[in-house]
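Okay, structure first, notes after.
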Amino acid sequence: MSTKKNKPHENKGNNRIPTRDFAFELLRKVKLPFNIRRHSINVANKALKIANKIKKIQVNKNLVEIGALLHDIGRCISHGFDHGLLGGEILLSYGLSERLARICETHLLGGLDKEDAKKVGLPIKDYLPNTLEEKIVCLADKHMKGRHEVSIEDRFQIWFKKYGKTKILLKSKRRVERIQKEIKALF
Ligand SMILES: [Fe+2]
C-alpha cells in the first residue's frame, strides 16, 4: 500500500554462484558435448591450481572454479566467436551471477577488444578479462588444449599453424603473456 520506499528489485545485481553439482547438471541439461564438458573440468582444475598459488592477494576460488566449469557453456549453441556472449546470456537466463557471465564473455583468446569484436562480427564492445578471476580462467583455458595441458607458447604455435600469424592472434598472444606475467607476480 505504501509507496514511501522503493523496494529493491530482487533480481537486480544477481550474485548467485551455484554449486559444482548444479554447474554439472546445467552442462548436461543444455547438452554441452561430452568432450567440452571434460575440457571444462580440466580448465577448472588448472584454474584452481593457478588460484592456489596466488598468495599476495585474495582470490575468489569458488568463482574461479564455477566460472571455469561454465566458461564454454555457450558452445551448446555455437562454436564461433559468439559462444562467449551466448554463454553469458544462458547463465543470466538461469539467474546466475553477472560475474560468471563475464567470465564466459572474456575467455576467448586473450579477451577481445572493440577492434577484434568488430572483426569477428560480435556486438562492438570490449570483451577483455579485467578481474583476477576472469584473467585466471582465460589463462587456464589457454593452457588446456582439449584435455591436454600445453604451454602458452605451444598453444599459440598450434593456432599459428592452423590460421597463420594473424593480427588478432599475435595481439592475443601478447595479451595472454601479459596476463600470465601479472598473475605470476602475485605468487
Ligand atoms: Fe571457449
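Evaluate segment 155-174: report whether one residue or more is of a type in the set (A, V, I, L, M) and closer than 17 Å to residue 59 by Cα. Within segment 155-174 (the criterion being of a type in the set (A, V, I, L, M) and closer than 17 Å to residue 59 by Cα), the answer is no, since none of the residues qualifies.
Within the option set 125, 56, 31, being away from the ligand (no atom under 16 Å from the Cβ), in a loop (DSSP other than H, G, I, E, B), basic (Lys, Arg) and closer than 21 Å to residue 182 by Cβ holds for one residue only, 56. Do the conditions hold for residue 145, that is, is it in contact with a helix residue (DSSP H, G or I) (Cβ under 9 Å, 6 or more places away or on another chain), open to solvent by 30 Å² or more (accessible area, probe 1.4 Å) and either within 15 Å of the ligand (Cβ to nearest atom) or of a type outside the set (Gly, Ala, Ser) (or both)? Yes, satisfied.
Residues that are in contact (Cβ under 8 Å) with a residue 60 or more places away in the chain and either aromatic (Phe, Trp, Tyr) or within 16 Å of the ligand (Cβ to nearest atom) (or both) were ranked within segment 82-100; the one that is surrounded by the fewest Cβ atoms within 10 Å (Cβ to Cβ) is 94. Yes or no: residue 74 within 21 Å of residue 132 (Cα to Cα), touching a Cys at 6+ places or on another chain (Cβ under 8 Å) and within 16 Å of the ligand (Cβ to nearest atom)? No; evaluated as a whole, the condition is false for this residue. Each residue in segment 65-81 was checked for being assigned to a loop (DSSP other than H, G, I, E, B), out of contact with any Ser or Thr (no Cβ under 6 Å at 6 or more places or on another chain) and open to solvent by less than 10 Å² (accessible area, probe 1.4 Å), and 1 pass.
Residue-by-condition table, conditions (1) within 13 Å of the ligand (Cβ to nearest atom); (2) in a loop (DSSP other than H, G, I, E, B); (3) open to solvent by 60 Å² or more (accessible area, probe 1.4 Å):
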site	(1), (2), (3)
115	no, no, yes
130	no, yes, yes
133	no, no, no
141	yes, no, no
156	no, no, no
162	no, no, yes
170	no, no, yes
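The values are calculated or read from the model by the stated rules, or taken from the named source; none is laboratory data. In this text, all values refer to a predicted model and were calculated from it rather than measured experimentally. Positions of Cβ are generated from backbone atoms using ideal geometry, with glycine treated the same way; all protein chains shown enter the neighbour counts. Accessible surface areas use protein heavy atoms only, side chains included; no ligands, DNA or RNA. Shrake-Rupley method; radii C 1.70, N 1.55, O 1.52, S 1.80 Å.
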